[in-house]
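**Student:** First the structure, which I've put down as structure tokens, then a few questions once you've had a look.
The values are calculated or read from the model by the stated rules, or taken from the named source; none is laboratory data. None of the values given here were measured: they were computed from a predicted structure. Every residue, glycine as well, gets a Cβ built from its backbone with ideal geometry; the counts of neighbours run over all protein chains shown.
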Amino acid sequence: MTTPPPHDPPTAPVAVGAVASARAVLDRASLRARVQAVLDEVLARQVATVAAVSPHAAPLVDYVVDLLAGGKRLRPAFAYWGWRGAGGVDCEEIITAATSLELFQAAALIHDDVMDDSDTRRGRPAVHRRFGQLHRGSGWHGDTERYGMAGAVLAGDLCLSWSDETLATCGLPTESVARGRVVFDRMRTELMAGQYLDMLEQATAGRTDDDPVASARTVIRYKSAKYTIEHPLLMGGTLAGAPPSLLASYSGYGLPLGEAFQLRDDVLGVFGDPAETGKPAGDDLREGKRTVLVALALERATPAQAEQVRRLLGDPHLDPDGVATLREVLLDTGAADRVEALIAADVEAATAALATADVDPEAREVLEGLVVAATSRTT
């Protein structure tokens, strides 16, 4: 059976020019190339360290190198422009500090794919699948899946360690790094708590005492929104010694924009084109993601529609017909339109907070462009 083409929700199409403009903003100050250069340097050192232990341990780094080849680099971008917005000057030290967030992101992705039992990431097999393929292809003893998960846990843990090492050795003054570390540490703890809540929502099928929509929004706030935009901005600003008023503006901009980013991700997880998202169509539905999109659909679902969701959501063998059925429920209940309205409201709130912020003019221009980069995307 072939996979049906993506079923787009009834929203206005994203202008090609807007997407191109967003990419240009992400490349401002040659940021992505500079972040990649730091990643290459960090990972080259780790390749040498692991090789000195044993050549058999090479996959621990090799698979991370492949995962980190390319990407939007949103988190380093927000950290860098948070620094610049607070009056920090362009320097390689802040690029290195910002790159620590990309290594933390790699850890989060690797562990998230293990928890979700995902097959792919960015168009490649997920790291735990690659370790499993290595085990299977080599004809080794033991359980292939357990070996794959164990290898991925170790690789993710290494990325966590490397993120910490990269921030600690970025070259900024010790007192500056100490300030930034407070944000960095809180971000990591809150993300793990958000990941657990996401796992809990799937395990309980959303049947907790909490309001399902509110619970889903709490998950996206701590699992994604804060560590994608708000915390990177606050980290950059804090490293630069930003005053409390600017940090408050950064939060007023970053938190709603981060939620809009994740809401867009949830839409793409259901309606996105696999050729662009790098994941199979409807993968979030197979994983049983209790997203805001799903929670809103269940609020207005008829008994028959609710039964379809309960029966199909979270089925790892969900076929294209099942994906199409769930998409119809999300559209017919108006959930997709309501999510688009939430995204628009969050963008408006973020834009209003930025408009009143006492921020460097160039950084303001870039942060305005990053609103588009975070929400008008197809990947």
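**Student:** Taking the stated definitions as given, is Gly142 of a type outside the set (D, E, K, R), modelled with pLDDT of 95 or more and crowded, with 21+ Cβ neighbours inside 10 Å?
**Tutor:** no
**Student:** Hey, can you tell me all the residues within the range 156-180 that are among the charged types (D, E, K, R) and either surrounded by 15 or more Cβ atoms within 10 Å (Cβ to Cβ) or within 20 Å of the chain's Cα centre (by Cα) (or both)?
**Tutor:** Let us first name the residues in the range 156-180 that are among the charged types (D, E, K, R), namely 157, 164-165, 175, 179.
Across the range 156-180, the qualifying residues are Asp157, Asp164, Glu165, Arg179.
**Student:** Which pairs have Cβ atoms under 7 Å, sit 6 or more apart or on different chains, and link a residue in the range 229-250 that is without any contact (Cβ under 8 Å) to a residue 40 or more places away in the chain and in a helix (DSSP H, G or I) to one that is surrounded by fewer than 24 Cβ atoms within 10 Å (Cβ to Cβ) and of a type in the set (A, V, I, L, M)?
**Tutor:** Glu230/Leu255
**Student:** Does the range 278-285 contain at least one residue that is closer than 25 Å to Asp332 by Cα, free of Cβ contacts under 8 Å to residues at least 24 places away in the same chain and in contact with an Asp or Glu (Cβ under 6 Å, 6 or more places away or on another chain)? Explain how you work it out, then say what you get.
**Tutor:** First pass over the range 278-285, keeping only residues closer than 25 Å to Asp332 by Cα: 279-285.
With free of Cβ contacts under 8 Å to residues at least 24 places away in the same chain added as a condition, the list becomes 284.
Right, trim to in contact with an Asp or Glu (Cβ under 6 Å, 6 or more places away or on another chain) and you get none.
Checking the range 278-285: not a single residue is closer than 25 Å to Asp332 by Cα, free of Cβ contacts under 8 Å to residues at least 24 places away in the same chain and in contact with an Asp or Glu (Cβ under 6 Å, 6 or more places away or on another chain).
**Student:** Starting from the range 299-321, take each residue that is under 21 Å from Arg338 (Cα atoms) and list its partners that are of a type outside the set (A, V, I, L, M) and at pLDDT below 95, counting only C-beta distances under 7 angstrom and pairs at least six apart or across chains.
**Tutor:** Pairs found: Leu313/Gly288.
**Student:** Still on this structure: With the structure loaded, tell me whether Ala205 is touching a residue at least 12 places away in the same chain (Cβ under 8 Å), within 22 Å of Arg310 (Cα to Cα), out of contact with any Gly (no Cβ under 6 Å at 6 or more places or on another chain) and not in a helix (DSSP H, G or I) or whether it fails that test. Walk me through it before giving the result.
**Tutor:** Numbers: touching a residue at least 12 places away in the same chain (Cβ under 8 Å): yes; within 22 Å of Arg310 (Cα to Cα): yes; out of contact with any Gly (no Cβ under 6 Å at 6 or more places or on another chain): yes; not in a helix (DSSP H, G or I): yes.
Here the answer is yes, as Ala205 does meet what is asked.
Yes/no per residue for (1) under 25 Å from Glu93 (Cα atoms); (2) crowded, with 23+ Cβ neighbours inside 10 Å:
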{"site": "Ala240", "(1), (2)": "yes, no"}
{"site": "Pro244", "(1), (2)": "yes, no"}
{"site": "Ala248", "(1), (2)": "yes, no"}
{"site": "Gly254", "(1), (2)": "yes, yes"}
{"site": "Arg264", "(1), (2)": "no, no"}
{"site": "Val270", "(1), (2)": "no, yes"}
{"site": "Pro274", "(1), (2)": "no, no"}
{"site": "Gly282", "(1), (2)": "no, yes"}
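**Student:** Also, I was wondering about something else. Across the range 35-77, which residue is farthest from Asp90 (Cα to Cα) among those that are among the hydroxyl-bearing types (Ser, Thr, Tyr) and surrounded by fewer than 18 Cβ atoms within 10 Å (Cβ to Cβ)?
**Tutor:** Ser54
**Student:** Oh, and also: If you scan the range 202-254, which residues turn out to be of a type in the set (D, E, K, R) and farther than 21 Å from Cys170 by Cβ?
**Tutor:** Restricting attention to the range 202-254, the residues satisfying the condition of being of a type in the set (D, E, K, R) are 207, 209-211, 217, 221, 223, 226, 230.
Scanning the range 202-254 gives Arg207, Asp209, Asp210, Asp211, Arg217, Arg221, Lys223, Lys226.
**Student:** When the residues of the range 104-127 are filtered to those that are more than 14 Å from Val65 (Cα to Cα) and β-branched (Val, Ile, Thr), which remaining residue is surrounded by the fewest Cβ atoms within 10 Å (Cβ to Cβ)? Outline the logic, then answer.
**Tutor:** In the first step, residues of the range 104-127 are kept if they are more than 14 Å from Val65 (Cα to Cα); the result is 108, 111-120, 123.
Those left that are additionally β-branched (Val, Ile, Thr): 114, 120.
Working: Val114: 21, Thr120: 16.
The qualifying residue surrounded by the fewest Cβ atoms within 10 Å (Cβ to Cβ) is Thr120.
**Student:** Give the residues of the range 85-94 that are crowded, with 23+ Cβ neighbours inside 10 Å and either assigned to a helix (DSSP H, G or I) or under 14 Å from the mean Cα position of the chain (by Cα) (or both), sorted by residue number.
**Tutor:** If the condition is that a residue be crowded, with 23+ Cβ neighbours inside 10 Å and either assigned to a helix (DSSP H, G or I) or under 14 Å from the mean Cα position of the chain (by Cα) (or both), then Gly85, Ile94 are the ones that fit.
**Student:** Any chance the range 335-357 includes a residue that's more than 26 Å from the chain's Cα centre (by Cα), under 30 Å from Ser249 (Cα atoms) and assigned to a loop (DSSP other than H, G, I, E, B)?
**Tutor:** So far as the range 335-357 goes, yes, one or more of its residues are more than 26 Å from the chain's Cα centre (by Cα), under 30 Å from Ser249 (Cα atoms) and assigned to a loop (DSSP other than H, G, I, E, B).
**Student:** Would you mention how many residues in the range 145-193 are touching a Phe, Trp or Tyr at 6+ places or on another chain (Cβ under 7 Å), in contact (Cβ under 8 Å) with a residue 24 or more places away in the chain and among the small types (Gly, Ala, Ser)?
**Tutor:** Number satisfying all stated conditions: 5.
**Student:** Would you pick out the residues in the range 183-202 that are under 14 Å from Glu230 (Cα atoms) and either β-branched (Val, Ile, Thr) or outside any helix (DSSP H, G or I) (or both)?
**Tutor:** Val183
**Student:** Continuing with this model, one more query. One residue is enough: does the range 324-332 have a residue meeting the conditions over 23 Å from Ala225 (Cβ atoms), in a loop (DSSP other than H, G, I, E, B) and not aromatic (Phe, Trp, Tyr)?
**Tutor:** No, the range 324-332 has no match at all.
**Student:** What is the one condition in (1) touching a Gly at 6+ places or on another chain (Cβ under 6 Å); (2) modelled with pLDDT of 95 or more; (3) over 17 Å from Leu160 (Cα atoms) that Gly123 does not satisfy?
**Tutor:** Gly123 satisfies all of (1) touching a Gly at 6+ places or on another chain (Cβ under 6 Å); (2) modelled with pLDDT of 95 or more; (3) over 17 Å from Leu160 (Cα atoms) except (2).
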